[in-house]
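Working notes for the structure below.
The values are calculated or read from the model by the stated rules, or taken from the named source; none is laboratory data. Keep in mind that this is a model prediction, so the values were computed, not measured. Heads up, the Cβs are rebuilt from the backbone with ideal geometry, glycines too, and the neighbour counts pull from every protein chain shown. These accessible areas exclude ligands, DNA and RNA; they are computed on the full protein's heavy atoms, side chains included. Shrake-Rupley method; radii C 1.70, N 1.55, O 1.52, S 1.80 Å.
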Amino acid sequence: MTLPIGVLALQGDFREHAAALARIGVDSLKVRTVLELNAVSGLIIPGGESTVMHKLSVTYGLFEPIRQKIQSGLPVFGTCAGLIMLSDTIIDGIVGQETFGGLDVEVKRNAFGHQTDSFEIDLDFAGIDDGPVHAAFIRAPLITRVGPKARVVAQLPEDGSSHSGGVVGVQQENLLGISFHPEVTGEDRIHRLFAKLALA
Ligand code: GLN
């Protein structure tokens, strides 16, 4: 019997991720306890607010257990705030903000400023060959450094703007982190890609 894919359900848009998994026929489990964490084949960390997610994961006794699961190879997919939680280093975090870490990258929180807090765009995505993915950016982080262990899977277009060619998706073995929200636009192909990793 295959274990479900967990969705960290402390805060943020975990329901949308559970709905995306349901659309592609994958069982999901909302994770709020260590018992639930131990019963999943992979974990999705949703978008939301990374500062709150950090605090709640400590309160729920999940911070260290998730850290250890990541280190021991659990497949984990983070979107937006979830990417921040997966990153080894953050810029513009609040005082005392910590991440689970695992991805050999640095991200800058709220990198797109107020005027362009939210936008949608089509992007090429490594491993998805049947057309660009539809990406919604909502107070999104930008990946500002990619270490040697991680590989870029998605970038903004080279359009001469201040974020031209900016890195917005990386993969490192079983870890996948993206700046945007496929779960709010019905773009299910990245969930399919992750499900393949988690259920392999
Ligand atoms: N700006 C948020 C943070 O720092 C992320 C926004 C999002 O997940 N849509 O956590």
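For the set Thr51, Thr59, Thr144, the ranking by accessible area, highest first and with no ligand, DNA or RNA atoms included, is Thr59, Thr144, Thr51 under a 1.4 Å probe. A straight Cα-to-Cα reach below 21 Å connects Lys149 with the lysines Lys69, Lys108, Lys196, residues fewer than 8 places away in its own chain not being considered. A probe of 1.4 angstrom, applied to the heavy atoms of all protein chains, finds Ser164 with accessible area near 40 square angstrom. Using the Cβ of Val76 as centre and a radius below 13 Å, the other residues enclosed give a net charge of +1, where K and R count +1 and D and E count -1.
Overall shape of segment 42-94 was characterised from the C-alpha gyration tensor. The equivalent ellipsoid obtained from it has semi-axes of 16, 13, 11 Å, in decreasing order.
A convex hull fitted around the alpha carbon atoms of the chain yields 109 Å³ per residue. Taking 17 Å as the cut-off, the amide N atoms of segment 1-41 that come nearer than this to a point 7 Å along the Cα-to-beta-carbon line of Thr59 belong to 8-14, 31-34.
Return the percentage of antiparallel bridges among DSSP beta bridges fully within segment 75-197, rounded to the nearest 5 %. Working shown, then result.
Details: 20 of 28 bridges.
Bridges in segment 75-197 that DSSP calls antiparallel: roughly 70 percent.
Taking all protein chains into account, the per residue accessible area for segment 1-125 stands at 44 Å² (1.4 Å probe).
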